[in-house]
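Written out below as structure tokens is the structure these notes cover.
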Amino acid sequence: MDFILESTKQAFLLITSFDNELVSIIVLSLKVSGLALFLATIIGLPIGTAIGLYRIKGHSFIITVLHTMMGLPPVTVGLFVYLFLSRSGPLGFLGFLYTPAAMVIAQMILAAPIVASLVHSAIINVDPVIKQASITLGATPIQASMAVIREARYGIISSLLAGFGRLMAEVGAVIIVGGNIAGYTRVMTTTIALETDKGNFELAVALGIVLLLVSFMVNAATHYAQRTSLIPLT
Amino acid sequence: MKRVMLVLATFMLLAIPAFAERIICASTTSTQNSGLFDFILPIFKKTTGIDVHVIAVGTGAALEMAKRGDADVVFVHAKDLELQGIKEGHFINRHDVMYNDFVIVGPRSSGSGFQGLGKASNVFVKIADKKYPFVSRGDNSGTHRKELSLWGKAGISPKGNDWYMEVGQGMSKSLRIASEKHAYSITDRGTWLSIKDSGLLDMKIVFEGDPLLFNQYGVMAVNPDKHSHVKIREAMAFIEWLISEEGQAAIGSFKDGKGNQLFTPNAN
């Protein structure tokens, strides 16, 4: 009990001190996961919508594959991205290894299947009359899809938040491809891993509390924006 | 709304530096965790303007990583492997940099009989003989390799015995496991000093001082003939600085949070 109180106190002190290093770690976590989610959405949203609205050949197979990929172990994804980005690998010439770009790529691969699958679930739960009515009113397939997306927007936003949460919490992929370099590729989760390794338990727990708070604030802000219609999704 | 999204996206894209003017130094977790790099690298940057990014993994992994071309310099403590790498043409320009030593640790409640055994390998003979629990790093690190060389000198093959636990973790974690299991282990003195008073360990040093436990650190550059992208000029600058008067003084003046000097410079 002592330990938990001590860690909570340390978390509070950490946050209020606006320690430079802590702030830059938090900002990097948000940037990496945020950008990765953005890219994953560009990939996953169209795929999830297409499969939800149209009967493509191999439909069930694709959905099963997507659901399976949702469970990709982050450390395995990290390993594969590492092998590709390594100087001895096919994309080594890019020089992306041990940079935030590599972390974004790995996290994008992790989040894309999640976004696609959950968007798909949200889409198929929309009343089919929306799509039919749009087409009757003269909409092109793209316009009809946009109408359905608009209708499913709350479910879609939830999918994106789920994806974001997963990315903010993962450590296996980013630590392998990022290298946990101080001031450059160190994010919240990799810092927690490092401090745990060094035996600085209180600091590790304090960072864990900070991570949860940051996640909470992102979620709260998003839900607030939804409620007050700041996210109309046109 | 679209504009907000666009601004956000642009901000995020621009905010991620994909490239950096830096060299990558493959080193070990124990060196990194000691805090040495946090102390000496800013001094190096001030003198030369060069950023050094340290990737800390086990010694074996560091050497493999460098051989793949994913690092510009290597800074580990496995002289035999380093020299082998030089011989095979993977690395160039190796220099001794600094040293410290390993100590054998065990439960606080264990007797004092070990120090009188004289040689580190004799300690291992006794541990195997009595089947005392022993925690090994088991991760191809410099410490692991030193441990294996001692088993070799003792003429014992510990693998496969119940009392021998290969944990595959960093030094700090391995010691905590050893403490929990009332086991013996071997550690670099730096990690030991940083953790012994933390209240996390119920252990003490049971043997030290044998020249066999000497721990030499070396630095070398990745051979640019094997990997043309290596930033060889900056890599050489880093090596030259480490063995220079300024670099050696920086290493010698580095002290941990409790005022202990963890490394002794010996580049001469």
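Quick look at the numbers
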item	result
Candidate set: the stretch B:213-268, residues that are within 28 Å of B:Q115 (Cβ to Cβ) and basic (K, R); chosen: the one nearest to the other protein chains (Cβ to nearest Cβ)	B:K258
Residue in the stretch B:162-174 that is of a type in the set (S, T, Y), outside the structural domain of B:V76 (by TED's automatic domain parsing), free of Cβ contacts under 8 Å to residues at least 40 places away in the same chain and crowded, with 23+ Cβ neighbours inside 10 Å present	yes
Residue list for the stretch A:83-98, filter: crowded, with 22+ Cβ neighbours inside 10 Å and more than 7 Å from every other protein chain (Cβ to nearest Cβ)	A:L85
Test: residue in the stretch B:148-167 that is of a type in the set (D, E, K, R) and either within 21 Å of the chain's Cα centre (by Cα) or closer than 27 Å to B:G35 by Cα (or both)	yes
Any hit, the stretch B:160-179, residues being polar (S, T, N, Q) and more than 14 Å from every other protein chain (Cβ to nearest Cβ)	yes
Residue match in the stretch A:176-184 (condition: more than 17 Å from A:T49 (Cβ to Cβ), out of contact with any Gly (no Cβ under 7 Å at 6 or more places or on another chain) and not in a loop (DSSP other than H, G, I, E, B))	yes
Candidate set from the stretch A:99-121 (those that are facing chain B (nearest Cβ under 7 Å) and part of a helix (DSSP H, G or I)); member that is surrounded by the most Cβ atoms within 10 Å (Cβ to Cβ)	A:V104
Scope the stretch B:82-95; condition assigned to a strand (DSSP E or B) and not aliphatic (A, V, I, L, M); matching residues	B:F91, B:N93, B:R94, B:H95
Residue within the stretch A:203-224 that is within 14 Å of chain B (Cβ to nearest Cβ), free of Cβ contacts under 8 Å to residues at least 12 places away in the same chain and surrounded by fewer than 20 Cβ atoms within 10 Å (Cβ to Cβ) present	yes
Residue match in the stretch A:16-24 (condition: within 14 Å of chain B (Cβ to nearest Cβ), hydrophobic (A, V, I, L, M, F, W, C) and in contact (Cβ under 8 Å) with a residue 60 or more places away in the chain)	no
Conditions (1) within 18 Å of the chain's Cα centre (by Cα); (2) more than 14 Å from every other protein chain (Cβ to nearest Cβ); (3) in contact (Cβ under 8 Å) with a residue 24 or more places away in the chain; (4) over 17 Å from A:G165 (Cβ atoms); number of the one not met by A:L45	(2)
Members of the stretch A:156-202 that are within 14 Å of chain B (Cβ to nearest Cβ), over 24 Å from B:V57 (Cβ atoms) and among the charged types (D, E, K, R)	A:E202
Residues being away from every other protein chain (no Cβ under 12 Å) and more than 13 Å from B:K258 (Cβ to Cβ) - total across the stretch B:186-205	7
Selection status of B:F214, closer than 21 Å to B:R145 by Cβ and in contact with a strand residue (DSSP E or B) (Cβ under 8 Å, 6 or more places away or on another chain)	yes
Some residue of the stretch A:63-71 being outside any helix (DSSP H, G or I) and either more than 8 Å from every other protein chain (Cβ to nearest Cβ) or free of Cβ contacts under 8 Å to residues at least 40 places away in the same chain (or both)	yes
Wholly enclosed strands (runs of 3 or more DSSP E) of the stretch B:1-81 bearing at least 1 residues within 13 Å of B:M220 (Cα to Cα) and at pLDDT 95 or above	B:23-28, B:73-76
Failed item, numbered, when A:V32 is tested on (1) under 30 Å from A:Y184 (Cα atoms); (2) surrounded by fewer than 14 Cβ atoms within 10 Å (Cβ to Cβ)	(2)
Matching residues in the stretch A:9-23 - criterion: being under 21 Å from A:G183 (Cβ atoms), part of a helix (DSSP H, G or I) and of a type outside the set (D, E, K, R)	A:L14, A:I15, A:S17, A:N20, A:L22, A:V23
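Table: residues versus (1) farther than 13 Å from A:V32 by Cβ; (2) touching a residue at least 60 places away in the same chain (Cβ under 8 Å); (3) buried (at least 20 other Cβ atoms within 10 Å of the Cβ).
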{"residue": "A:I157", "(1), (2), (3)": "yes, yes, no"}
{"residue": "A:I176", "(1), (2), (3)": "yes, yes, yes"}
{"residue": "A:Y184", "(1), (2), (3)": "no, yes, no"}
{"residue": "A:E195", "(1), (2), (3)": "yes, no, no"}
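The values are calculated or read from the model by the stated rules, or taken from the named source; none is laboratory data. Here the structure is a predicted model, which means the values were calculated and not measured. Glycine also receives a Cβ, built like all others from the backbone with ideal geometry; neighbour counts cover every protein chain displayed.
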